[in-house]
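Scroll down for the structure; my scribbles are underneath it.
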Amino acid sequence: TQPAKTFGTIMSFETSKKESMDPYTAKAEMNDYTPQEKIDLLRPIIKSAQTGMLTVREADGTLNSRAMVPSRPKTETDLNLYFIVNNASHKADAVEHDSHVNVGF
């Protein structure tokens, strides 16, 4: 490990090791799980959280996040999240401009 580089109050540590210094990264990647197992683990999180933060990219490139409540999946195997919005709202315009969104729970 090399000495820390100081940038104001932010410190950066460089390491030659490939593994992360963050102990949560390996657990978060969950490489031992199949995609279906990951989906099955996600469902109770969405159900208990009830509200997600929907982030969209505006036409000017800025990111905008807002709390949204997803409707329940149509079936147990449905992998889509549905959010009900007013078509005249700015949210619909942002998603039409760039359909790449992020939802965090």
Starting from the Cα of I84, step 7 Å along the direction of its Cβ; do the same at K47; then give the gap between the two resulting points in nm. 2.0
As an exercise, use a Förster radius of 30 Å and the Cβ-Cβ distance of T75 and N102 to find the FRET efficiency, rounded to the nearest 0.05. 0.80
For region 38-78, what is the charge dipole size about the Cα centre, in debye to the nearest 20, if Lys and Arg each add +1 at the Cβ and Asp and Glu each add -1 at the Cβ? 140
Size of the dipole of region 23-105 about the Cα centre, Lys and Arg at +1 and Asp and Glu at -1 on the beta carbon, nothing else charged, in debye to 20? 320
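Values in this text are rule-based calculations from the coordinates and carry no lab data. Just so we're clear, the structure is a prediction, and the values are computed from it rather than from any experiment. Ideal geometry is used to build each Cβ from the backbone, glycine not excepted, and the neighbour counts take in all protein chains shown.
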